[in-house]
1. Can you tally the net charge around SER22? Count Lys and Arg as +1, Asp and Glu as -1, for every other residue whose Cβ sits under 13 Å from the Cβ of SER22.
2. I'd like the distance separating the alpha-carbon centroids of region 149-210 and region 400-420, in whole Å.
3. Hey, with R₀ at 35 Å, roughly what FRET efficiency would LYS315 and ARG148 work out to, going by the Cβ-Cβ distance, to 0.05?
4. Just order 31-44, 191-204, 162-175 by mean Cβ neighbour count inside 10 Å, highest at the front, would you?
5. Which order, highest average first, do 441-449, 11-19 follow once you tally other Cβ atoms within 10 Å for each residue and take the mean per peptide?
6. Let me know the whole percent of all Cα-Cα pairs from region 2-141 that are separated by more than 20 Å.
7. Taking the alpha-carbon centroid of each part, what is the distance from region 80-103 to region 263-282 in angstrom?
8. Using the Cα atoms of the chain, I'd like the radius of gyration and the largest Cα-Cα distance, Dmax, both in angstrom.
Amino acid sequence: MQLVNKFRDMNKKMEAYNYVLSIVGWDSGTEAPRKSFRRRAEMLGIVSRELFTLQVSKEYQSVVEELYSNIDTFDDSFQREVRKANKELKKIINIPEDEFVEYQELLQLSQQVWEDAKENNNYEAFKNNLEKIIEFNKKFALYYAPKRNPYDTLLDDYEEGMSTIEYDEFFNYLRKELVPFVKKVLEEKNNEYDKFINDSYDPKKQEEFCNYLINVFKFDTDKGLMKKSVHPFTWNTSPEDVRFTTRYLENYVFSSIFAAIHELGHATYEQQVSTDFDGTLLTGGTSMGVHESQSRFYENTVGRSLAFWETHLKKFKELFPEQTKNIEPIDMFKAVNKVEASLVRVEADELTYPMHIMLRYDIERKLMNGDVSVDDLPQLWNDLMDEYLGVRPNSDSDGVLQDVHWSAGLMGYFPTYALGSAYSAQLYFTMINDLDLDQIITDNKMEIINEWLKNKIHKYGSSKTPKELLVEVTGEEFNPKYYVKYLIEKYSKIYF
Ligand SMILES: [Zn+2]
């Protein structure tokens, strides 16, 4: 018992450091003035080092190791905590310190190198950094699991239980079932609402609409708030402090609306985690994929439904009477679901989005297995864009250089985006057995949906694995058929 208490105390201390770093991070992402960053980086460096010293201290290691060697004597949820702690520890302590430091420095530098390369459309300038990042990722994965394919180790890091076996099956299925359908949709005319979509919308009024959305989704503002930032994100330290951001683009009002709804999905998940898990390693959402399933469910299944706009167009029209003169709910529904072969992932619609992820998975898999060299990446990227969406980027800035992830060392992260959408569809087909979703949305009763999500998913925090959750809620393992069925049903209604 003494050991358990020690484990708790040490984790709490680390949590305190993380809390401080996190609050500063929120401030950096939202309100901090530009020139505050130099001093801030220095201060944060000191606090982060303190935290790291605690994490890898001999004392903490011996506590975790001893608990781990007696793991069978604990109840399920504590077993899961110990396993998590042990895994996190093993990921770091097997890396030689000089390599760890070298990698951190590489990542710091790569951020700027990537930004410049993207701005100047100069892939050559970034390629060596990318190659080094890949090598480090491979090496570190092998330190952790010497006998496992490094990419499998990374995939499992971002989504517990996933490997190339599951993802291959998933993406092969999408390639076979979805690509032909996407191509068919892309042949349809779809610029009917372009003027309405890209009209000028006062950012102040956009903000008013986003505040209205907070009420629609029944987000608890005693335990959270919304601000603006360049890249929308959700932030939390506990279920009682969950914040998110959106952004306001004058000529693209849907950006603020759907970023807000998306982040509300993440934020509601975090708010509804049971406070019983406070102070344990089981608080917070269970995985990237499950998190993304909640945000995309809110954004696409609820926010981009006809029922939603039948109820909420009225408010939108009140704020923007000029721009919406001839717009009826069905027009809004069609406009927010416009499909187009975009070159850029973050601008992609719900239907073409998985194509962008499939392409990144194909490339990461090849990179990590040494089946393609960084020299051939732009060509491979453009060929795959052509194959999946029938468009070719004419610059690497809109091609291989577009995302921040690889420069930040996040290899294996991308697939969780598509997986989250697919989880969301599987959950949707279960939910409609219990709830009349359209009616609930029309009646503006999101609290009913929130309650369902809370009881089935949110309240468990990370005490259950993604696999366990999915089986318990939907009665079966992950099945991509639901995703394809959902997309084909929805977009057939709109386009055919
Ligand atoms: Zn998200």
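1. -3
2. 13 Å
3. 0.10
4. Packing order, densest peptide first, comes out as 162-175, 191-204, 31-44.
5. 441-449, 11-19
6. Of all Cα-Cα pairs in region 2-141, 62 percent lie more than 20 Å apart.
7. Between the Cα centre of region 80-103 and that of region 263-282, the gap is 25 Å.
8. In Å, with Rg to one decimal and Dmax whole: 23.0, 70.
Just so you know, all these numbers are worked out from the coordinates, no wet-lab data involved. Since we're looking at a predicted model, the values are computed, not measured. For neighbour counting, all protein chains shown are included, and Cβ atoms are generated from backbone atoms with ideal geometry for every residue, glycine included.
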